[in-house]
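The values are calculated or read from the model by the stated rules, or taken from the named source; none is laboratory data. Predicted model, so just to flag it, every value in this text is computed and none were measured. Here the Cβ is made from the backbone with ideal geometry for all residues, glycine too, and neighbour counts use every protein chain on show.
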Amino acid sequence: MEAHSCRVTICDMDGVAHTGEVTAATLFEAVALGLKQLQGNDWVEGIGRATDAVTVSVNSIPVKHRPLVSESRACNSSGVKLASLGSRYAA
């Protein structure tokens, strides 16, 4: 799959939205990379809860996706190759 430049936004427990830029080939890869990037930032606290909604905007295509963190974790921990899930999970 082709990688895309994406903007990943998630709100912390105080309702403050934080956004990171990542390059990913799938929706859940973008979520994982965005969470990793944002969780490593001193300004960001309290994100990554299973019920947190994440907004992924693909920069080259005007499309937004809002999966829950728990969906990403379940998909990644199941050992399923994201490419085998079809275009629904392609960024």
- State which residue is surrounded by the fewest Cβ atoms within 10 Å (Cβ to Cβ) when the search covers only region 4-24 and only residues that are among the small types (Gly, Ala, Ser) and more than 13 Å from Ser57 (Cα to Cα). Gly15
- Ala30: among the aliphatic types (A, V, I, L, M) and at pLDDT 90 or above, yes or no? yes
- Mind checking which residues of region 1-41 are under 9 Å from the mean Cα position of the chain (by Cα) and outside any strand (DSSP E or B)? Leu27, Phe28, Glu29, Ala30, Val31, Ala32, Leu33, Gly34, Leu35
- Restricting attention to region 40-71, which residues are surrounded by fewer than 16 Cβ atoms within 10 Å (Cβ to Cβ), closer than 12 Å to Val8 by Cβ and among the aliphatic types (A, V, I, L, M)? Ala53
- Task: Scan region 55-84 for residues that are in a loop (DSSP other than H, G, I, E, B), over 10 Å from the mean Cα position of the chain (by Cα) and either at pLDDT 70 or above or not small (Gly, Ala, Ser) (or both) and jot them down.
- Result: Asn59, Ser60, Ile61, Pro62, Val80, Lys81
